[in-house]
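Worksheet: the structure to be examined is printed underneath.
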Amino acid sequence: LSLPVNQTYTQSLNQITVQAGAADYVMPVVMTTTYRGRETVTTAFGTFETCKIEFTAKGSETPLTSWTHWYVASGKLAGFAVQSNSSDGLTQPTKIEVSWN
């Protein structure tokens with residue numbers, strides 16, 4: 001990944017909630033994705049060079065929500081999230097299953 005650190009992509013969309021028997025509920029949402037750079041992450045499965053990506057979402061009627069994922073930067077597991085951080089705290093996968101044909 002060759003992005004400048006702190007490069008941000010912002011997208012505005014309408015989140016639609018469909019409820020049976022009721023009118024659809026539409027709420028404008030602004031979602032932002034920011035590349036925070038490379039970090040080394042050690043898990044039970046090994047140590048990985050990762051790309052740290054931060055996500056935020058803010059709805060017209062909801063508070064700002066943010067979460068972060070660390071994705072393996074290269075190799076066979078490139079793109080696989082090996083660590084996440086959200087309001088639930090820092091987590092890492094407890095099981096990884098990969099199959100190559």
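The values are calculated or read from the model by the stated rules, or taken from the named source; none is laboratory data. Not measured: the values here are computed from a predicted model. Methodologically, a virtual Cβ is constructed for each residue, glycine included, from the backbone with ideal geometry; neighbour enumeration extends over all protein chains shown. The area values use the complete protein model at the heavy-atom level, side chains included, leaving out ligands, DNA and RNA. Shrake-Rupley method; radii C 1.70, N 1.55, O 1.52, S 1.80 Å.
Data overview
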{"item": "Amide N proximity, the stretch 64-82 versus Y9 label position 7 Å along Cα-to-Cβ, cut-off under 17 Å", "result": "67-73, 79-81"}
{"item": "Residues whose placed amide H lies under 5 Å from that of T43, excluding near-sequence neighbours", "result": "F48"}
{"item": "Whole-Hz couplings from phi, Karplus 6.51/-1.76/1.60, listed for the stretch 3-19; x for Gly and Pro", "result": "10, x, 4, 6, 5, 10, 10, 10, 9, 9, 8, 9, 7, 10, 9, 9, 10"}
{"item": "Solvent-accessible surface ranking, highest first, for Y35, Y9, Y25, Y71 at 1.4 angstrom", "result": "Y9, Y25, Y71, Y35"}
{"item": "Accessible-area composition of the stretch 16-101, carbon plus sulfur, in percent [1.4 Å probe]", "result": "53 percent"}
{"item": "For F80, residues with placed amide H under 5 Å, excluding near neighbours", "result": "V72"}
{"item": "Selected from F55, F80, F45 as most flexible by GNM, with the chain as the system and alpha-carbon contacts under 10 Å", "result": "F45"}
{"item": "Whole-Hz ³J(HN,Hα) from phi, Karplus 6.51 cos²θ - 1.76 cosθ + 1.60, for the stretch 78-90, glycine and proline x", "result": "3, x, 7, 6, 9, 7, 9, 9, 8, 4, 7, x, 7"}
{"item": "Whole-Hz couplings from phi, Karplus 6.51/-1.76/1.60, listed for the stretch 28-39; x for Gly and Pro", "result": "x, 10, 10, 10, 10, 10, 10, 7, 9, x, 9, 9"}
{"item": "Relative contact order (%) - criterion: Cα under 8 Å, at least six apart; region: the stretch 4-101", "result": "18 percent"}
{"item": "Area of T32 that stays accessible when all protein chains are in place (1.4 Å probe, Å², to 10)", "result": "30 Å²"}
{"item": "The chain shape via C-alpha gyration tensor axes, a/c threshold 1.5", "result": "prolate"}
